[in-house]
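Asker: If you scroll down you'll find the structure; I have some questions about it.
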């Protein structure tokens, strides 16, 4: 795959700040609208949630997740076929080390000041999605798949 396509995938992640997070436990899928921030290389995408809830229970039971980041809001009407949709697959990992958690929490709050109360709540879990692959659908038919090398 060309480095240009991978660059476009990462640029899409960096340019957006919300996604749909898909989790599952047993045979029950669950989707959640989430805000996020990512590291510079887009190898980790960071989010926060309460520990008491379906999403967190699913993440603990099955750490395999999928994210959807898209441009549908920018492409309406006749322009709709130009929308891009990026599926990001990865693994859930709670950020528990206090120093790292503080850094990630600060990054989340800088990008999303409205979630400060959630990030600072005693029951909040700050977590990373460690990216394993990307699938970019660019328009209606142009698809590109990329497996992320592990460091």
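The values are calculated or read from the model by the stated rules, or taken from the named source; none is laboratory data. Small disclaimer: the values here were computed from a predicted structure and weren't measured. Here Cβ is always computed from backbone atoms with ideal geometry, including for glycine, and neighbour counts include all displayed protein chains.
Asker: Please pick out the residue among 102, 85 that is surrounded by fewer than 17 Cβ atoms within 10 Å (Cβ to Cβ) and part of a helix (DSSP H, G or I).
Answerer: Every option except 102 fails the conditions.
Asker: Given the conditions (1) free of Cβ contacts under 8 Å to residues at least 12 places away in the same chain; (2) under 20 Å from residue 130 (Cβ atoms), report the number of the one that residue 32 does not fulfil.
Answerer: If we test residue 32 against (1) free of Cβ contacts under 8 Å to residues at least 12 places away in the same chain; (2) under 20 Å from residue 130 (Cβ atoms), just (1) comes out false.
Asker: Going through 37, 23 one at a time, which residue ends up being over 11 Å from the mean Cα position of the chain (by Cα) and under 15 Å from residue 129 (Cβ atoms)?
Answerer: Answer to the selection: 23.
Yes or no, residue by residue, for (1) at pLDDT below 95; (2) more than 20 Å from residue 150 (Cβ to Cβ); (3) touching a helix residue (DSSP H, G or I) at 6+ places or on another chain (Cβ under 9 Å):
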{"residue": "4", "(1), (2), (3)": "yes, yes, no"}
{"residue": "8", "(1), (2), (3)": "yes, yes, no"}
{"residue": "18", "(1), (2), (3)": "no, yes, no"}
{"residue": "60", "(1), (2), (3)": "no, yes, no"}
{"residue": "63", "(1), (2), (3)": "no, no, no"}
{"residue": "68", "(1), (2), (3)": "no, yes, no"}
{"residue": "113", "(1), (2), (3)": "no, yes, no"}
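Asker: Here's a follow-up. I'd like the residue in region 120-147 that is more than 29 Å from residue 52 (Cα to Cα) and buried (at least 18 other Cβ atoms within 10 Å of the Cβ) and, out of all such residues, is modelled with the lowest pLDDT.
Answerer: 138
Asker: For region 105-123, name all the residues that are more than 17 Å from the chain's Cα centre (by Cα) and outside any helix (DSSP H, G or I).
Answerer: Matches in region 105-123: 121, 122, 123.
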